[in-house]
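Visitor: Pasting in a structure now, in structure tokens, and then I'll have a few things to ask.
The values are calculated or read from the model by the stated rules, or taken from the named source; none is laboratory data. Remember, predicted model here, so these are calculated numbers, not experimental data. Neighbour counts run over all protein chains shown; Cβ positions are idealised from the backbone, glycine included.
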Amino acid sequence: MNAAPIATRRQPARRRSAGGAKLWWTVHQWAGLKLALFMTFVMFTGTLAVFSHEIDWLLRPALRVAPASVTGPTDWAAVAEGAASALPSAKITRIEAPIGRGFAAQVSAITAADELIYIYVHPTTGTVQGQGSYVGAQVILRRMHRHLLLPVDIGVPIVSSLALLLAVTLGTAFIVYKRWWRGFLKPVRLRNARLAWGDVHRLIGVWSMWFLAVIIVTSLWYLVESLGGDAPPHPSVDVPPTTLEGPALAARLGPSLAAAQASYPDLRIEGIVFPSRRNGAFQFQGQDGAILVRDRANAVWTSAETAETRLVSDARDLGLHQRLGEAADPLHFGTFGGLLTKIVWFAFGLALTGLCVSGAAIYGLRIARGRDGRASAKDAALAVWRGMGVWRWVSIAAIATAFILLPGLLAGLAG
């Protein structure tokens, strides 16, 4: 006599559970589908940006050196003097160490015609190998990915706000994918396209959860920074501007370098900022004991005129807010561990790009399938296009903006 009432009581609970699951699935689908085109673009450009320096190396022969010809650490003074001698009328703004043994040192300079250029110099001989435009793969990919070539205060909030959608997709994935922890070794079933895409999507998803979380957290940090929550500035010091220019200024790098090394012997110098019209200091930037910080976090400031050390900045002395701000870039692009972490970040960046594509494919194949359970690629693509609704035009407008503004970037930085 009690069997019927018990069954009656359980039935509404099952309906509520099914209704809740359907709601979360709808939320997951909406967050992943509506801006799928825009999300794919941002993911893909960010993935390529991880190896943007290497892409420039492939495209610019002057950036390459024979590894066997590099006989020691970067000879900063020789690099500066070589670049200044080759272009005595140019104003050197920065020197960056090679990122690998096959790379030249990279000298940023402004020509007499007000053109931003790179001068590529052999890191140990100081021989100038050539020059190239400031606008290369590194600049284009990073700026497209970061702010769509829009003004930073407009573009960064637009792009980084995608982290909110990513957070929704990640959170709801744990709900809609039951027993997700069993999916790490689950094989892909190839019986039909929809089943295969679904298995691929879930397989990529479970393996990429940690990486997606990193991208979400760092992107949210960029959003906070763009809305006024950026960290306090790093320590700095005012040094009277110098009247030295060209080869005369480059010749003063040697004494300042010796002073910086004496003041901070454990600093592994990765870049040198040259004096500007407002400040007459060399800034020697690099790495020491602090983890997940950019080179600028550790620095020695010296007077170009006197070679006197004016400030020593150690990243370990920075506040929590500053350290969080410093950690965002190394974590977002995977640069903190050299080539190994960049390979990992590139691979998982492709995986997240694949998640965007496979999620849209699942939706299209489900909506477009006929009575036999199959759907053509054309019908599935059309279903995705319609499913995006008005948001497809938002995605297209965002992507088109980056390409429309690209000629302006090329013209503007070319003087």
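Visitor: Please indicate, with yes or no, whether at least one residue in segment 357-376 is of a type outside the set (D, E, K, R) and under 30 Å from Ile269 (Cα atoms).
Guide: Among the residues of segment 357-376, not one is of a type outside the set (D, E, K, R) and under 30 Å from Ile269 (Cα atoms), which makes the answer no.
Visitor: Restricting to segment 358-374, give me the number of residues that are in contact (Cβ under 8 Å) with a residue 12 or more places away in the chain and surrounded by fewer than 19 Cβ atoms within 10 Å (Cβ to Cβ).
Guide: Number satisfying all stated conditions: 5.
Visitor: Given the conditions (1) outside any helix (DSSP H, G or I); (2) of a type in the set (Phe, Trp, Tyr); (3) closer than 20 Å to Thr26 by Cα, which single one is not true for Phe336?
Guide: It is condition (3) that Phe336 fails.
Visitor: If you scan segment 252-295, which residues turn out to be among the basic types (Lys, Arg) and buried (at least 20 other Cβ atoms within 10 Å of the Cβ)?
Guide: Arg252, Arg294
Visitor: Can you name every residue in segment 238-251 that is β-branched (Val, Ile, Thr) and exposed (fewer than 14 other Cβ atoms within 10 Å of the Cβ)?
Guide: Of everything in segment 238-251, just one residue is β-branched (Val, Ile, Thr) and exposed (fewer than 14 other Cβ atoms within 10 Å of the Cβ), namely Thr243.
Quick grid of which residues meet (1) in the same structural domain as Ser89 (by TED's automatic domain parsing); (2) within 27 Å of Gly334 (Cα to Cα); (3) small (Gly, Ala, Ser):
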position	(1), (2), (3)
Ala248	yes, no, yes
Leu267	yes, yes, no
Val273	yes, yes, no
Gln283	yes, yes, no
Gly289	yes, yes, yes
Ala299	yes, yes, yes
Ala304	yes, no, yes
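Visitor: Would you tally the residues in segment 380-401 being crowded, with 16+ Cβ neighbours inside 10 Å, of a type in the set (Gly, Ala, Ser) and either under 29 Å from the mean Cα position of the chain (by Cα) or closer than 19 Å to His145 by Cα (or both)?
Guide: Total meeting the criteria: 2.
Visitor: If Ser358 passes every condition in (1) more than 19 Å from Gln29 (Cβ to Cβ); (2) small (Gly, Ala, Ser); (3) assigned to a helix (DSSP H, G or I) but one, which one does it miss?
Guide: Ser358 satisfies all of (1) more than 19 Å from Gln29 (Cβ to Cβ); (2) small (Gly, Ala, Ser); (3) assigned to a helix (DSSP H, G or I) except (1).
Visitor: Could you tell me whether segment 155-176 includes any residue that is more than 16 Å from Leu212 (Cα to Cα), among the β-branched types (Val, Ile, Thr) and under 20 Å from the mean Cα position of the chain (by Cα)?
Guide: yes
Visitor: Can you list the strands (runs of 3 or more DSSP E) lying wholly within segment 226-328 that have 1 or more residues being aromatic (Phe, Trp, Tyr)?
Guide: 281-287, 298-303
Visitor: Okay, moving on. Restricting to segment 192-216, what's the tally of residues that are hydrophobic (A, V, I, L, M, F, W, C) and without any contact (Cβ under 8 Å) to a residue 60 or more places away in the chain?
Guide: Total meeting the criteria: 8.
Visitor: Pairs please, first residue from segment 375-400 and of a type in the set (D, E, K, R), second anywhere and surrounded by 14 or more Cβ atoms within 10 Å (Cβ to Cβ), Cβ atoms under 6 Å, 6+ apart in sequence or on different chains.
Guide: As it stands, the answer is Asp379/Ala368, since those pairs meet every condition given.
Visitor: Here is a check on your reading of the model: is Leu352 closer than 30 Å to Pro233 by Cα and either buried (at least 19 other Cβ atoms within 10 Å of the Cβ) or at pLDDT 95 or above (or both)?
Guide: no
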